[in-house]
1. Please work out which one of (1) part of a loop (DSSP other than H, G, I, E, B); (2) in contact (Cβ under 8 Å) with a residue 60 or more places away in the chain is the condition residue 127 fails and give its number.
2. What number of residues in segment 50-86 are more than 24 Å from the chain's Cα centre (by Cα), under 24 Å from residue 181 (Cβ atoms) and surrounded by 12 or more Cβ atoms within 10 Å (Cβ to Cβ)?
3. Across segment 158-176, what is the total count of residues that are closer than 14 Å to residue 84 by Cα and part of a helix (DSSP H, G or I)?
4. Output the qualifying pairs, or none if there are none: Cβ atoms under 8 angstrom, residues six or more apart or on different chains, first residue in segment 97-121 and free of Cβ contacts under 8 Å to residues at least 40 places away in the same chain, second residue in a helix (DSSP H, G or I) and surrounded by fewer than 17 Cβ atoms within 10 Å (Cβ to Cβ).
5. Looking at 144, 135 in this structure, which one is farther than 28 Å from residue 96 by Cβ, surrounded by 11 or more Cβ atoms within 10 Å (Cβ to Cβ) and in contact with a strand residue (DSSP E or B) (Cβ under 9 Å, 6 or more places away or on another chain)?
6. Between a first residue in segment 140-160 that is touching a residue at least 40 places away in the same chain (Cβ under 8 Å) and a second residue that is surrounded by 10 or more Cβ atoms within 10 Å (Cβ to Cβ) and part of a loop (DSSP other than H, G, I, E, B), which pairs have beta carbons less than 7 Å apart while being 6 or more apart in sequence or on different chains?
7. Given (1) surrounded by 12 or more Cβ atoms within 10 Å (Cβ to Cβ); (2) under 29 Å from the mean Cα position of the chain (by Cα); (3) over 30 Å from residue 74 (Cβ atoms), identify the lone condition not met by residue 159.
8. When you scan segment 166-182, how many residues do you find that are crowded, with 18+ Cβ neighbours inside 10 Å and closer than 17 Å to residue 124 by Cβ?
């Protein structure tokens, strides 16, 4: 009998604690408070996951910090030739395509060229992409001409076009083409954010095929 009473008493106590916890976790419909929460640390992360939140661990009180000088982000491939004419010439003389010239790499280079380069350079690299030609658009305001993109040089040997930085377009080396894709030149902007280093080298490989025409 005594053991049974202890069991009932223990069960009643557990029920009372659970009921009290349930009631305390409910709101009172007058505030936005949700009441007490069990294991609050399970909801609030210890780490500073938001780069904009304050952080007392650093002198400037910020979570987002400038990386130490000379460090390289994970997955980033450093290109040690500056965006200058001297850097361009040095890259042309010293940088070579690290990829093997295979049918697969060439095919992927062609696909990337058509997707990212042909609107200006044309499908055959002759500088006759669609945005260099006369175009019209018709909408609710009527029909009007679109502005053309001027001065895209041809890569092909048969056209014999000179580069704005010296030499023929058909003679551009691996390093010069890669440098131009990375930084851009004249009206051409950088494509470093659109093409990974490996993708740029595949485009370089395909451009050399266009130069042979």
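The values are calculated or read from the model by the stated rules, or taken from the named source; none is laboratory data. If you're wondering where the values come from, they're calculated on a predicted model, not measured in any experiment. Every residue, glycine as well, gets a Cβ built from its backbone with ideal geometry; the counts of neighbours run over all protein chains shown.
1. Going through (1) part of a loop (DSSP other than H, G, I, E, B); (2) in contact (Cβ under 8 Å) with a residue 60 or more places away in the chain one by one, residue 127 breaks only (2).
2. Going through segment 50-86 one residue at a time, the tally reaches 0.
3. 2
4. From segment 97-121, the pairs are 119/130; 119/131.
5. On the way: 144 fails: surrounded by 11 or more Cβ atoms within 10 Å (Cβ to Cβ).
Only one candidate passes the filter, namely 135.
6. What qualifies is 155/125; 156/125; 156/126; 156/213; 157/212; 157/213; 158/213.
7. So the condition that residue 159 fails would be (2).
8. The qualifying residues number 4.
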